[in-house]
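We did not get these values from a lab; they are worked out from the coordinates using the rules stated. Quick caveat: nothing in here was measured; it's all calculated off a predicted structure. Neighbour counts run over all protein chains shown; Cβ positions are idealised from the backbone, glycine included.
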Amino acid sequence: MPTSENVTELTVGLGTLALLNAGLAQSKNRSGLIWFLVSLLLGPIATFLLVLLDKVHSDRKRTPRP
């Protein structure tokens, strides 16, 4: 039977993994919020998918911010 301490550790671990995946997704020009939510559901499987996916290249030119 899971204890409250085990559930807390699992929650913190999945939350941390979801934040890392959101950062990884943003580095590949993908939506950090979407991948954060996907990571909460899929956990390490989402990390594996993000590693396999190529970086999205934007066709529009970036304008420098003032």
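Observations
- Hey, LYS55 surrounded by 11 or more Cβ atoms within 10 Å (Cβ to Cβ) and over 10 Å from the mean Cα position of the chain (by Cα) or not: no
- Here LEU10 clears all of (1) assigned to a helix (DSSP H, G or I); (2) under 16 Å from LYS55 (Cα atoms); (3) not β-branched (Val, Ile, Thr) except the condition numbered (2).
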